[in-house]
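As structure tokens, the structure follows; a few thoughts come after it.
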Amino acid sequence: MANQEDRLLDRLDRFCDAVPRAAARPEELGDYVLFVRREEAGWPFYARPRLGVATPPAAADITTVRARQRELGLPESFEWIHEIRPDLLAVARAAGLGVHQAPLMVLDPAALPADTPADPPAVRLLDPDSPSFETDLATWFAVTQAAFNPVSAADGPLPTTGTDAPEIVTVTFPTVDSGDRASGTQWSTTGATAVAPATATAGADAASGATPASTSQTGQAAQAGPAAGPATPATALLPAAVVRHEGDAIRSGRLRIALATLPGRVDPVAVGSVSRVDDVAEIVGVGTLPAARRQGLASAVTVALARRALADGVELVFLAAGSDDVAMLYHRLGFRRVGTACIANPTATV
């Protein structure tokens, strides 16, 4: 059994190393790989230990990587699976990083809920060939920003650094260089990186009935009522590079993006996506607007994305929950904990 779990974690670790390579240039710095965006709408990925490295970690190496990240204008972000490199936790902290530890969970497909509520939320996946794709994509960015960082939602449809993790601790956004807005962010545990990891207590799953975390980030979106749409206008056009980047990823099967609405409503109030490499996929960025939580939206998005990944031929679906409490909620959807994803950042809350 232990060997099976080891092989499973190794499989996830290889996914975490592989997924950035589709959109970033790997740069090896000692025992670490730093993923550097290579396109106008590329990704400001994290650094992580090189696969197979067995030498003890050193704080000086982390300092070297952070200096290179600053030089390149990248977030000083590191990610790894704790069970693969358990000795890195103490060293990262000694090097001045805060480390968020997120429950790493894999799906038992047979345990996915078979029944649905009588009046379920509506979940749809973005179609890059649809005439509404650009608007849908802008809506996704806007809802994601409002869900993870409501206080910044008035700044525009492109996300800024996320600091509230209402559902799952992973969310990914491309970096955009366009005029006076260079709003790249990424925050994740594995499949898609972090400008800032979870620096606020994670909230509860929308389906649980539990109250989301109360922080200063509840923002304007919470005042709009349960039918509130995105806190930023989805009509604002995204840079063409972003639309092209995301559209190509969806067409290739590497990405699926979901929008969810409440029954009888039009405006999306929850989002999520799933990233795929070969037969492994990670569900990331599941978030709900503060005013629309506790109504099953996060669960509906998660189940829809998991089912689509399985239909696409994925064998292993996983995610990293925002907290132990949120992990319990995803356990009800068929996920079980297999390890811990570590996200390290100079400003993270331990």
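How would you classify the stretch 2-102 from its alpha-carbon gyration tensor, with a ≥ b ≥ c the square roots of the eigenvalues: rounded for a/c under 1.5, else prolate if a/b is greater than b/c, otherwise oblate?
Taking the square roots of the gyration eigenvalues as a ≥ b ≥ c, the stretch 2-102 is oblate.
Hey, got the dipole for the stretch 2-102? About the Cα centre, +1 on K and R Cβ, -1 on D and E Cβ, debye to the nearest 20?
Details: 14 positive and 16 negative charges, 40 e Å.
Once rounded to the nearest 20, the dipole reads 200 debye.
How high is the relative contact order of the stretch 2-102, in percent, with contacts defined as C-alpha pairs under 8 Å that are six or more residues apart? Let's see the in-between values first.
Numbers: 118 pairs, mean separation 23.0, N = 101.
23 percent.
ARG68 to GLU28: extension gain in nm, 0.36 nm per residue of separation minus the Cα-Cα distance?
In short, 13.3 nm is gained.
Could you list which residues have their amide H under 5 Å from that of TRP80, counting only those 5 or more apart in sequence or on another chain, with H placed in the peptide plane?
CYS342
Hey, fewest Cβ within 10 Å first, where do PHE133, PHE318, PHE148, PHE15 land in order?
On the way: PHE133 17, PHE318 24, PHE148 31, PHE15 21.
Going from sparsest to densest Cβ surroundings: PHE133, PHE15, PHE318, PHE148.
Give me the extension gain from ARG251 to ASP279: residue separation times 0.36 nm, minus the current Cα-Cα distance, reported in nm with one decimal. Don't jump to the answer; show the numbers that get you there.
On the way: separation 28, 0.36 × 28 = 10.08 nm, distance 1.64 nm.
Result: 8.4 nm gained on full extension.
What list of ³J(HN,Hα) couplings, whole Hz, do you get for the stretch 81-98 from phi and the Karplus terms 6.51, -1.76, 1.60, once you set θ to phi - 60° and write x for glycine and proline?
Going residue by residue, I get 9, 4, 5, 7, 10, x, 6, 7, 4, 5, 5, 4, 5, 5, 7, x, 9, x Hz, with x marking Gly and Pro.
Please state the shape class of the stretch 244-338: rounded when a/c is under 1.5, otherwise prolate if a/b exceeds b/c and oblate if not, all from the C-alpha gyration tensor.
Oblate, because a/c is 1.5 or more while a/b does not exceed b/c.
I want to check the label-to-label distance for ARG50 and ARG244. Put each point 7 Å from Cα in the C-beta direction and report it in nm to one decimal.
3.4 nm
Treat the count of other C-beta atoms within 10 Å as a stand-in for reagent exposure and order ARG93, ARG308 from fewest to most.
Details: ARG93 14, ARG308 18.
Going from least to most buried by this count: ARG93, ARG308.
Could you list THR64, THR340, THR139, THR302 in order of exposure, starting from the residue whose Cβ has the fewest other Cβ atoms within 10 Å?
Taking fewest neighbouring Cβ atoms as first place, the list is THR64, THR340, THR139, THR302.
No value in this document is a laboratory result; all are computed from the given coordinates. Treat the numbers as computed from the prediction; the structure is a model and nothing was measured. With ideal geometry, Cβ positions are generated from the backbone for all residues, glycine too; neighbour counts draw on all protein chains shown.
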